[in-house]
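To start, the structure under review is shown below, and the notes come after it.
A short reminder: the numbers here are calculations on the coordinates, not readings from a lab. Because the structure is a prediction, the values reported are computed rather than measured. Reconstructed Cβ throughout: ideal geometry from the backbone, glycine too, with neighbour counts over all protein chains shown.
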Amino acid sequence: MKFFQKITALFFGAAAFLIIPGLAFATGDGEGHHFSDVSDTHENYQAINYLQVEEVVQGYGDGTYKPEQEINRAEFLKIVVESEGYEISDASDCYLDVKEEWFSPYVCTATDLGIVSGYSDGTFKPAQTINFAEASKIISEAFLLQVANSPQENWYQNYVVALELLNAIPTSIDAFSKPVTRGEMAEMVWRIRTENREQASYSYEQIKDLDSNQVRSITLRNDGDGKVSWTTDGVSSKGFKVVWSKNTEPTYPTEVGDQYLYFSSSTASSATLNAFDGFGTYYVRVCEYTGGSCDVYSNEITVFLDESDDDNDDDDLSDDSSDDAVSSIALSAGDNGEVTWTIDGNCELGFKVVWSKDSEPTYPLGATDHYLYYSDPSTSSATVTAEDGAGTYYVRVCEYLGGECGVYSNEITVTLDSDEFESSVSEITLTHLGDGEMSWSWTGDAQFGFKLVWSQSSGATFPGRSSGDRSNYFPDDSETTGSISAFNGADTYWVRVCEYNGNGGCGTYSNEVEVYLED
């Protein structure tokens, strides 16, 4: 088996660094500084602690690791390609959606090496969360695991079996389509590197049995008067998103012009829609919610909605209440940015802690809001940081429902000092060179590079707003140009560039430029 020579991976959009300096690895029995969100009872604690002791991971600036955070295809591939010390070419434009992006050299190198091959439509889908089946192939190919060459019922079976033989499949993997998290990534790496065979591990057949309960298809019907219903082949453990729009193929996460309802119950089968964009014909789909995004979508139907349909009772638009539903959250402030809360009820999907220099921060985020996510319902404390410089911040915690929040706590204020990042860029000037090509200049030292952000509404930010902001990252301050795309069809887009602060946010922003992009 070919082992790691080095790993140098930057999780773009989250700014978490992974570094493996060389071939020598200890047993992982040492004690490191534990991440605040990884207790010694966490299922991936040993793996994450091992990687931290070996200086593989450093985590985030707020002292967290975010083990439940999912990884997209580009980020995961970059880690794997660099981990084996492959020589990275300058290649680009190897897929329709892999042009001159930060990840292009890694994706194109991996393609040339036969590690990945993309999709039949000529795309790679770099921003799509990587699932376990895809991850098993990339790990097996890049790390040269022993993979059988016999034909099987599924293309990924031999790759999964290769991990199975190493006891390297965490039991949190319950479906081949399950998105891989940072904790699960650490678990697989740890088990392979230490040849740990004592931890519980699933086999291909076990995952297949679990996966048989997953959603295979959804059939949607128009029941009239704004009501729709659906039947499901399989079980959606996290419920459903009903999405509708005056544009075809509405999705979740939503694009501009889309609306959605969330039903957390796996037995939900109907919804009532409103004419949120005025009377007319709406396109409707329902999808299997997998946590942050959707997997299987139903057929698309059309529904004509009168503006009177906008008057539906709120009770028609959400799950039935239950005895253990969250009724209140009480939030209080401690020292040095620490906040604690108590809850009346059960918050199944965890919490979002939101804070801002503006009052009433929300999730999805407003233009100046920041958040931390805690998926463990037993979590009761967090530490917020001065993302926008020293001063007074407004803080709330809310019940996370998957894509949005339900019950919010009271609002408190905390005074935060800023000692992690001080902007050294005083001014950025942005210009449009034509055909979506942007150029910028600045005064000062941009130590973490720039984020190019754009949207169909004014004031695009990083992190993006729920209204549909997009961003590209340019870590090298020698890069002074970048391109944007018409991600939602031909339209006018508003563009800015900002100084990235290395901790998941931006400092100084440029002027805003209005650009019309063809589809």
Legend entry - Burial order of peptide ranges 445-451, 406-412, 395-401, 39-45 (average beta-carbon count within 10 Å, highest first): 395-401, 445-451, 406-412, 39-45
Legend entry - Percent RCO, i.e. relative contact order, over the range 217-317, from Cα pairs under 8 Å lying at least 6 residues apart: 34
Legend entry - Potential lengthening between Lys208 and Ser424 on full extension [0.36 nm per residue; Cα-Cα distance subtracted]: 72.4 nm
Inset, instruction - Return the calculated 222 nm mean residue ellipticity for the chain, to the nearest 500 deg cm²/dmol, obtained by summing -39500 (n - 2.57) across DSSP H runs with n ≥ 4 and dividing by the residue count. - result: -4000 deg cm²/dmol
Legend entry - Contact order relative to length of the chain, as percent, for alpha carbon pairs under 8 angstrom and 6 or more apart: 9
Inset, instruction - Kindly put Trp155, Trp244 in sequence by how many other C-beta atoms sit within 10 Å of each C-beta, fewest to most. - result: Trp155, Trp244
Legend entry - Cα-projected label distance for Thr431 with Asn299, points at 7 Å along beta-carbon direction, nm: 5.5
Legend entry - Label-point gap, in nm, between Ser117 and Ser265 - each point 7 angstrom along Cα→Cβ: 4.5
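Give, as a single signed number, the net charge of other residues whose beta carbon lies under 14 Å from the beta carbon of Glu205, with Lys and Arg counted +1 and Asp and Glu -1.
Numbers: positive: Lys208; negative: Glu153, Glu164, Asp174, Asp209, Asp211.
Its environment carries a net charge of -4.
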Legend entry - Value of relative contact order over the range 425-517, rounded to a whole percent, pairs C-alpha under 8 Å and six or more apart: 35
Legend entry - Long-range amide H partners of Ala275 with built H, under 5 Å: Asp309, Asp310
Inset, instruction - Using the Karplus curve 6.51 cos²θ - 1.76 cosθ + 1.60 with θ = phi - 60°, work out ³J(HN,Hα) for each residue of the range 263-270 in order, rounded to whole Hz, and write x for Gly and Pro. - result: 10, 6, 6, 6, 9, 4, 8, 7
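Once a ≥ b ≥ c are taken as the square roots of the eigenvalues of the Cα gyration tensor of the range 217-317, is the result rounded (a/c under 1.5), prolate (a/b larger than b/c) or oblate (a/b not larger than b/c)?
prolate
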Inset, instruction - Just tell me which lysines come within less than 19 Å, Cα to Cα, of Lys227; anything on the same chain fewer than 8 places away is out. - result: Lys241, Lys246
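Between rounded, prolate and oblate, where does the chain land on the alpha carbon gyration tensor, with a ≥ b ≥ c its root eigenvalues, rounded for a/c under 1.5, else prolate if a/b exceeds b/c?
Cα axes put the chain in the rounded bin.
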Legend entry - FRET E, pair Glu249, Ser229, Förster distance 22 Å, beta-carbon r, rounded to 0.05: 0.60
Inset, instruction - For the range 328-416, compute Rh as the Kirkwood radius over C-alpha pairs and then the Stokes-Einstein diffusion coefficient at 10 °C and 1.306 mPa s; write the answer in µm²/s, rounded to an integer. - result: 125
Inset, instruction - Calculate, for Glu411 and Gln146, the FRET efficiency according to 1/(1 + (r/R0)^6) with r their C-beta to C-beta distance and R0 51 Å; round to the nearest 0.05. - result: 0.35
Inset, instruction - Would you mind pulling out the separation of the Cα centroids of the range 48-111 and the range 130-208, in Å? - result: 18
